[in-house]
Amino acid sequence: MLFRFLPPSLLSLLCCASPLLAAEQPSRLPHPWYEPGTGYSTPPSTDISVVTGVSDNLPGQPVAGQAPKRSTPPPVRRDRSSGEIMLMTGVNNAGEPALTLQGRVSRPVTARTLLTFSLQQQSLPSQRETLSQDTSATGTPLMRQDEDEQLTQQLTRLSLDLSHYYDEGEWHFIPLYGLGSRDKLTTATITTLRQQQRRNEEDNNRHLYGMQIQQRHRLPSGWQWQQQFSGYRMADDHDKDVTISHATPMGAAVDQLVTDLQQTQSHLYQWQGSLQGQLNTEHQLTVDNVWQRKDRQTQRLASAVNGSGMLITSDSGDDDFTEYLYRIGVRDQIRIRPDVTFTPGLHLQYSSLQGMQSNNGSVERQHHDLLPSLALSWQATDQWQLKAEAQQWLSRPSFDQLSPWIEDNQKKLTQGNLQLDAETHRRFSVSARYQQPTWNSSLTLFREHADDVIAQALTGRRVLTRPLYQWRNVGDGYRYGLTLQQGWRPTPRLELAASTTWSDGKLHTDDGNTAPFPNQSRWRVNLNSRWQATSKDQLKLEAQYHDTLNKFTDGAEADSEAPRWTLNLSARHQLSADVYLQLSAYNLTQSGREESKQMRDGVSQYEDERIGALYLLGLHTQW
């Protein structure tokens, strides 16, 4: 089971993993099942689907919902206890301490039953420095903001995995409890016609508990049945206080006091089932279905007052969202020839949404969708494989995007939108893969169409002098490109992998303009290497690059993010048969976000955000 109490780290390259080497061999030093930098410098999401790792918006998924993976390796039937522990400590570039602890212990209860206990404790600090500038069309400075952010994220997670094996299959019962906190202190100096000081204190506490039940069963006919039930409940308390003041001969004079209190309760229930088997020598049939219910209730008290105690603005009230999803589908893998397979598929999806926000009305809608897919594969030789695919899927808006609260996220004031529709995606691709025992390469050409693209667009309104954005369906667009993936093992001790994607696209906005496809950069490169220097020493490098990232551009602004590199290094040394010393360094380039905007009124906005590095040293032992 995958439990992401904090979203995956932006430093991790797993989301864009390079191809696996064809003849993968176990390294002499085993890899820990836990990446200590997970969650570093990444803000938490309040959508429980993201927190639990359950999503129905993943492209290419034959079932609406990604089956959560275990956070520990699958239990192995053995007649003795086993386990591993990793303890790492370190600092960030500001000298603040960091600590991560991971452990798991497996113990056989009977000859067919295994109990695994897992513990994760994590405290990761991070530091950001941001420079923001506004300049008029004539080059006159309008505003400068120097900001320093100190962030500490803490997580405690406990889980059990009670596994029972029988002749035809296995059962897993996995209860889980998690507790986390996120404390952030931001201080800023804002210079306009006069100099202001801004102090922002945020406390975020979260509790999550739930369980997962899994079954795999082989039927006498040779067919296989799999099912999984997940149920989670999350409580989230968020407290934010902002003080904006300026210096006077008599001391600090308060300009604004902003208070934002939120309490959120979320639930997620999901059942997935899949039946797979061979109809005859030419047909392999898969029938899968998903039922999902998720809801969220939020109470919010937010207000801003001036130095005299007069109310400037208020954004208080309740919201309540409930969403249902049911999806059933069938895929038939037809073997036309021994080396050619054709796989048509069709899924029927029903979804309903009910939502309300006390100050902005309500929404209620239902959708019925047919989602087809086609795949054709030809194994031309033992080394060459050619494939063509076409598929359609939906990407539904999250509750955060629907709720009309005004949120101060990513240096923007952003408001949700109850009228958001789901994005509809259609993707077509052809690929070729060549494979050798020590080297492989694949090339994929793709084209994707998207209707009702969701993006942040300017509303023309301002709140406390700051422009207000809103999530909107801004238009229809397309993107196309190619991905080249390569894996190479030049020697038994060295493994290299790379993934390069080039893409381009256009968005036709509803107001008749044409813009770059949003949140897309033309080039993305991922590099991975692993070197077994000696039988006891191992080095690993991960690097990621993207060039200019185009945000949504309409007639009101042009927004882009500058290119950046991210570099992570780790080294492991074997001290004894089961004890390893590990050194890890994350974000060595201290890359962040550099963003430029050109407003329609001629005002230019520039923002440079730098995220500090993190260094960890610790021990990993297993038995």
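The values are calculated or read from the model by the stated rules, or taken from the named source; none is laboratory data. Since we're looking at a predicted model, the values are computed, not measured. We place every Cβ from the backbone using ideal geometry, glycine too, and count neighbours over all the protein chains shown. Ligands, DNA and RNA are excluded from the accessible area calculation, which covers all protein heavy atoms including side chains. Shrake-Rupley method; radii C 1.70, N 1.55, O 1.52, S 1.80 Å.
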Label-point separation in nm, residue 573 to residue 354, each point 7 Å along Cα→Cβ: 6.3 nm
Compute the distance in nm between two label points, each set 7 Å from the Cα along the Cα-to-Cβ direction, one at residue 91 and one at residue 253. 4.2 nm
Range of Cα positions in region 264-332 per principal axis (Å), largest first: 81, 17, 12
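First compute the accessible area of region 370-468 with a 1.4 Å probe, then give the percent of it belonging to carbon and sulfur atoms.
52 percent
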Label-point gap, in nm, between residue 209 and residue 500 - each point 7 angstrom along Cα→Cβ: 5.3 nm
Using amide H atoms built in the peptide plane, which far-off residues or other-chain residues are under 5 Å from residue 93 H to H? 613
Å² per residue, accessible surface of region 252-361 at 1.4 Å: 48 Å²
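Please find the FRET efficiency linking residue 197 to residue 536, where r is the Cβ-Cβ separation and R0 is fixed at 45 Å, and quote it to the nearest 0.05. Provide the component values of the computation, followed by the final result.
On the way: r = 53 Å, r/R0 = 1.19.
For residue 197 and residue 536, the calculated efficiency is 0.25.
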Could you pull the Rg and Dmax for region 394-511, using just the Cα atoms, both in Å? 20.6, 62
How do the peptides 260-266, 237-243, 132-138 rank, highest first, by the average count of neighbouring beta carbon atoms within 10 Å per residue? 260-266, 237-243, 132-138
Karplus couplings for region 226-241 from phi (6.51 cos²θ - 1.76 cosθ + 1.60, θ = phi - 60°), rounded to Hz, Gly and Pro as x? 10, 8, 8, 10, 10, x, 9, 10, 10, 10, 9, 10, 10, 10, 9, 10
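Roughly to the nearest percent, how much of the accessible area of region 116-205 is carbon and sulfur, given a 1.4 Å probe? Intermediate values should be presented prior to the final figure.
On the way: 2220 of 4150 Å².
Carbon plus sulfur share of accessible area: 54 percent.
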Across region 366-379, in residue order, what do the Karplus-derived ³J(HN,Hα) couplings come to in whole Hz, using 6.51 cos²θ - 1.76 cosθ + 1.60 with θ = phi - 60° and x for Gly and Pro? 9, 9, 10, 9, 9, 10, x, 8, 9, 8, 10, 10, 10, 8
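Pop out the Kirkwood hydrodynamic radius of region 214-266 from its pairwise C-alpha distances, inverse of mean 1/r, in Å to one decimal. Mind showing how you got there, number by number?
Working: mean 1/r = 0.0595 Å⁻¹.
Result for region 214-266 stands at 16.8 Å.
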Each residue of region 485-493 in order: what ³J(HN,Hα) in whole Hz does its phi give by Karplus 6.51 cos²θ - 1.76 cosθ + 1.60, θ = phi - 60°, with x for Gly and Pro? 10, 9, x, 8, 10, x, 9, x, 9
